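The values are calculated or read from the model by the stated rules, or taken from the named source; none is laboratory data. Since this is a predicted model, take the numbers as computed values, not measurements. For neighbour counting, all protein chains shown are included, and Cβ atoms are generated from backbone atoms with ideal geometry for every residue, glycine included.
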Amino acid sequence: MSSPTSVFDGMEAAPPDAVFNVLAKYKEDTFPKKVNLSVGAYRDEEGQPWVLPVVKTVETQMSSDVMLNHEYLPIDGLKSFTESATRLVLGSDGPAVTQNRYCSIQCLSGTGSIRAALDMRGMRKA
């Protein structure tokens, strides 16, 4: 009996992710005093995830906030956040801000932000 065919038969696998390859190499390393500097959460001395106290505090505040809803944000993110981040990075009185020559978007995660930046790079005007 032949195995069923799939639309994925013959598809070439993507190359391994370089960032996660660092984590794989860390796990393979037998040095007892190694330090994990790859992706992931902060860790305690036993290697267990450690949540920053401020994160726990904010999570508690958010979970008890009756005014907080679960509506989707606009496609470019929360305007008050993107405006504040822009002013933090470029300066409230920076030329790009005062001349209105900037665009801000909110992305999901560090890698999501990097991906968006690289995608936008190809859209830049000459």
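Summary table below
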| quantity | calculated |
| --- | --- |
| Within segment 15-49, considering residues that are part of a loop (DSSP other than H, G, I, E, B) and hydroxyl-bearing (Ser, Thr, Tyr), the one modelled with the lowest pLDDT | SER38 |
| Check on PHE31, of a type in the set (Phe, Trp, Tyr), over 18 Å from SER109 (Cβ atoms) and out of contact with any Leu (no Cβ under 6 Å at 6 or more places or on another chain) | yes |
| Test: residue in segment 5-16 that is polar (S, T, N, Q), within 29 Å of ALA117 (Cα to Cα), outside the structural domain of LEU108 (by TED's automatic domain parsing) and out of contact with any His (no Cβ under 7 Å at 6 or more places or on another chain) | no |
| Some residue of segment 37-45 being surrounded by 10 or more Cβ atoms within 10 Å (Cβ to Cβ) and on the phi > 0 side of the Ramachandran plot | yes |
| Selected residue (criterion: farthest from SER38 (Cα to Cα)) from residues of segment 92-117 that are modelled with pLDDT of 90 or more and in a helix (DSSP H, G or I) | THR98 |
| Residue match in segment 73-91 (condition: exposed (fewer than 10 other Cβ atoms within 10 Å of the Cβ), free of Cβ contacts under 8 Å to residues at least 40 places away in the same chain and not in a loop (DSSP other than H, G, I, E, B)) | yes |
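Each row is one residue, and each column tells you yes or no for (1) touching a helix residue (DSSP H, G or I) at 6+ places or on another chain (Cβ under 7 Å); (2) assigned by TED's automatic domain parsing to the domain that holds SER38; (3) of a type outside the set (A, V, I, L, M, F, W, C).
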{"site": "GLU71", "(1), (2), (3)": "no, no, yes"}
{"site": "SER84", "(1), (2), (3)": "no, no, yes"}
{"site": "VAL89", "(1), (2), (3)": "no, no, no"}
{"site": "GLY94", "(1), (2), (3)": "no, no, yes"}
{"site": "VAL97", "(1), (2), (3)": "yes, no, no"}
{"site": "ILE105", "(1), (2), (3)": "yes, no, no"}
{"site": "LEU108", "(1), (2), (3)": "no, no, no"}
{"site": "THR111", "(1), (2), (3)": "no, no, yes"}
{"site": "ARG115", "(1), (2), (3)": "no, no, yes"}
